Amino acid sequence: QMATGQQGNSTEIFRNLLPDNTIIINDLELWWERSVTGSEVLKEIIELVHIFGRKSFFIINCNIHAYNLINKILPLNENFISVVECEPFNARELKLLIQNRHKSSGLTYYFKNKAEEELLQIRTATLFNSFFSFSDGIPGVALNAWLRSITKVEGQNIYIEKPELPNIDILYRISDDWLIIIALFIQHKNMNSSKLARVMKFSDEDSEKNITNLTNAGILEHRENDIYIIARHIEPFLVKVCSEKGII
């Protein structure tokens, strides 16, 4: 209703849409949860694709870790024309992404106390290669790393340092109980205490206690409406740990 400005249920709205339209559903994992009744909205989305797929072109994106799990419960692959797994950017693509986003700000960055237009080509390449190494080519991680690498702001000038790969040995020593909860946050993107309680079959008290402990440890961040997400600066490293341990 909000996206189309029309009233009625989903079926009525789709019937009233003009043909040859495009429907984009972002973050499919937010419409699902890993619980007994957690797939009801996904079933409705799939039904809409079946009924209106010739009239509307559906583009649906999803976290790969959530998609792999959902696909074991609901055969998503069977309902789409194609499934495209987005590959990481290469070093050149990542450099262009960061530079274009930076230029849109109208700011000038300084690295090693030299303005960007004064930097030698090899020094510029070294700077952006460090963001590629840090992010493994994942655009969102690289853009977050760029913001976190700003050490000082003076007027229209920002001062940048290379991102340093942290020592993540300590992350491999996180307890399995915590890693299971972390994996659920990776798959669901964000959760509140009630949702975690449903997914983990925790009591409300245990759910709030676990969220508090993970937040105090710097693993979770609190957002609006009592929503929690994994801290952006360590998320890629926690994904790596959970993947290597076979949790996701």
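The values are calculated or read from the model by the stated rules, or taken from the named source; none is laboratory data. Predicted model, so just to flag it, every value in this text is computed and none were measured. All Cβ positions, glycine included, derive from the backbone under ideal geometry; neighbour counts span all protein chains shown. Side chains are part of the model used for accessible areas, which takes the heavy atoms of the whole protein and leaves out ligands, DNA and RNA. Shrake-Rupley method; radii C 1.70, N 1.55, O 1.52, S 1.80 Å.
Which one of VAL36, VAL84 is within 21 Å of PHE185 (Cα to Cα), part of a loop (DSSP other than H, G, I, E, B) and open to solvent by 90 Å² or more (accessible area, probe 1.4 Å)?
None of the others qualify; the one that does is VAL36.
Got a number for residues in region 162-178 being touching a residue at least 24 places away in the same chain (Cβ under 8 Å) and either open to solvent by less than 90 Å² (accessible area, probe 1.4 Å) or over 23 Å from the mean Cα position of the chain (by Cα) (or both)?
Of the residues in region 162-178, 8 are touching a residue at least 24 places away in the same chain (Cβ under 8 Å) and either open to solvent by less than 90 Å² (accessible area, probe 1.4 Å) or over 23 Å from the mean Cα position of the chain (by Cα) (or both).
Quick test of your reading of the structure: THR151 fulfils all but one of (1) in contact with a Cys (Cβ under 7 Å, 6 or more places away or on another chain); (2) exposed (fewer than 13 other Cβ atoms within 10 Å of the Cβ); (3) of a type in the set (Val, Ile, Thr). Name the failing condition by number.
(1)
Cβ-Cβ distance below 7 Å, separation of 6 or more or different chains: which pairs start in region 114-139 with a residue that is free of Cβ contacts under 8 Å to residues at least 60 places away in the same chain and part of a helix (DSSP H, G or I) and end on one that is open to solvent by 80 Å² or more (accessible area, probe 1.4 Å) and among the aliphatic types (A, V, I, L, M)?
Partner pairs satisfying both residue conditions: SER133/LEU165; PHE134/LEU165.
Just the residues that are free of Cβ contacts under 8 Å to residues at least 12 places away in the same chain and of a type in the set (A, V, I, L, M, F, W, C), please, taken from region 5-64.
Scanning region 5-64 gives LEU18, VAL36, VAL41.
Quick one: in region 113-144, of everything that is surrounded by 19 or more Cβ atoms within 10 Å (Cβ to Cβ) and over 19 Å from the mean Cα position of the chain (by Cα), which residue is nearest to TYR159 (Cα to Cα)?
The extreme case among them is LEU127.
So which of LEU69, LEU107, LEU28 ends up being in contact with a strand residue (DSSP E or B) (Cβ under 6 Å, 6 or more places away or on another chain) and either among the acidic types (Asp, Glu) or under 28 Å from ILE227 (Cβ atoms) (or both)?
LEU28
Within region 41-64, is there a residue that is part of a helix (DSSP H, G or I), within 18 Å of ILE248 (Cα to Cα) and modelled with pLDDT under 95?
yes
Every residue in region 1-25 that is surrounded by 11 or more Cβ atoms within 10 Å (Cβ to Cβ) and within 27 Å of LEU69 (Cβ to Cβ), please.
SER10, ILE23, ILE25 - these are the residues of region 1-25 that are surrounded by 11 or more Cβ atoms within 10 Å (Cβ to Cβ) and within 27 Å of LEU69 (Cβ to Cβ).
Count, please, the residues in region 217-248 that happen to be outside any helix (DSSP H, G or I), touching a residue at least 60 places away in the same chain (Cβ under 8 Å) and surrounded by 19 or more Cβ atoms within 10 Å (Cβ to Cβ).
Looking only at that region, the number is 1.
Taking region 60-81 on its own, how many of its residues are β-branched (Val, Ile, Thr) and open to solvent by 70 Å² or more (accessible area, probe 1.4 Å)?
2
Among the residues of region 17-40 satisfying the criterion of being among the hydrophobic types (A, V, I, L, M, F, W, C) and more than 17 Å from the chain's Cα centre (by Cα), which is modelled with the lowest pLDDT?
VAL36
Taking the condition of being open to solvent by 70 Å² or more (accessible area, probe 1.4 Å) and in contact (Cβ under 8 Å) with a residue 24 or more places away in the chain, how many residues in region 96-112 meet it?
Count: 1.
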